[in-house]
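A short write-up of the structure that comes next.
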Amino acid sequence: DGGITQSPKYLFRKEGQNVTLSCEQNLNHDAMYWYRQDPGQGLRLIYYSQIVNDFQKGDIAEGYSVSREKKESFPLTVTSAQKNPTAFYLCASSPPGTGGNEQFFGPGTRLTVL
Amino acid sequence: AQSVTQLDSQVPVFEEAPVELRCNYSSSVSVYLFWYVQYPNQGLQLLLKYLSGSTLVKSINGFEAEFNKSQTSFHLRKPSVHISDTAEYFCAVTPRQGGSEKLVFGKGTKLTVNP
């Protein structure tokens, strides 16, 4: 079964701690994305990667970091510099092309800062 | 840069009634247009998309959307909704040029279908 997996489903963090959210895909997609979803705000792009060992900042990258060492994996680290990290985080991937391709989404990770 | 406006944050309707979810966009370049659906506590799924050709596009579960270039709109419609259509719907665009698949999303419309 091809798809995108995110883990954990729920994550609790104390203030001042870094946490890493996992995203894995077996769709052989080149591009991967991280979005943050807040109620009533839609989805906002944090980081994206179009190829292994390369990634670009999205609209709200401050306080986050990523790596793309393997095609299948695109982990997101929420650092202590992120002032308001409580949110629903969604990972997505898309096949290569010239635009207009569907993005496939994982089931999400809900992060709560205690 | 692109922006997407979904005019209604919440739309309550009764089962079997028609519904329209409105989406307008702003862009200095041509765009591709998408509607995604999100069921509670899940990721997003593509509902339908407009790339080129006929301006009316349809999904397999009865939704349709019409691209109107002059009004920069891509409204989503269904003639008769079911309880199972209760979800949040997101309109999104991506520029045709540039080769990037980055999506710009609207803030979403929560559709609640009541019995």
Screening B:PHE34, B:PHE14 for residues that are within 9 Å of another protein chain (Cβ to nearest Cβ), in contact (Cβ under 8 Å) with a residue 60 or more places away in the chain and out of contact with any Ser or Thr (no Cβ under 7 Å at 6 or more places or on another chain) leaves only B:PHE34
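Any idea how many residues of region A:28-48 are at the interface with chain B (Cβ under 7 Å from one of its Cβ atoms) and either free of Cβ contacts under 8 Å to residues at least 12 places away in the same chain or over 26 Å from B:LEU7 (Cα atoms) (or both)? Let's see the steps before the verdict.
Of the residues in region A:28-48, the ones at the interface with chain B (Cβ under 7 Å from one of its Cβ atoms) are A:31, A:40-43, A:45, A:48.
With either free of Cβ contacts under 8 Å to residues at least 12 places away in the same chain or over 26 Å from B:LEU7 (Cα atoms) (or both) added as a condition, the list becomes A:31, A:40-42, A:48.
Qualifying residue count, region A:28-48: 5.
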Sole miss for A:SER80 among (1) open to solvent by 40 Å² or more (accessible area, probe 1.4 Å); (2) on the phi > 0 side of the Ramachandran plot is condition (2)
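Which ones in region A:83-111 are within 14 Å of another protein chain (Cβ to nearest Cβ), more than 30 Å from B:VAL29 (Cα to Cα) and open to solvent by 40 Å² or more (accessible area, probe 1.4 Å)? Before you say what the answer is, go through the steps one by one.
Start the filter on region A:83-111 by keeping residues that are within 14 Å of another protein chain (Cβ to nearest Cβ), which leaves A:87-111.
Within this subset, residues satisfying the condition of being more than 30 Å from B:VAL29 (Cα to Cα) are A:87-88, A:107-111.
Result: A:PRO107, A:ARG110.
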Subset of region A:47-60, residues in contact with a strand residue (DSSP E or B) (Cβ under 9 Å, 6 or more places away or on another chain) and either part of a strand (DSSP E or B) or aliphatic (A, V, I, L, M) (or both), comes to A:TYR47, A:TYR48, A:SER49, A:GLN50, A:ILE51, A:VAL52, A:PHE55, A:GLN56, A:LYS57, A:ILE60
One residue is enough: does region B:32-47 have a residue meeting the conditions more than 18 Å from A:ARG44 (Cα to Cα) and open to solvent by less than 10 Å² (accessible area, probe 1.4 Å)? no
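The values are calculated or read from the model by the stated rules, or taken from the named source; none is laboratory data. Quick caveat, the model's predicted, so the values are computed rather than measured. Don't worry about glycine lacking a Cβ; one is built from the backbone with ideal geometry, like all the others, and counts go over all protein chains shown. Just the protein is used for accessible areas: all its heavy atoms, side chains included, with ligands, DNA and RNA removed. Shrake-Rupley method; radii C 1.70, N 1.55, O 1.52, S 1.80 Å.
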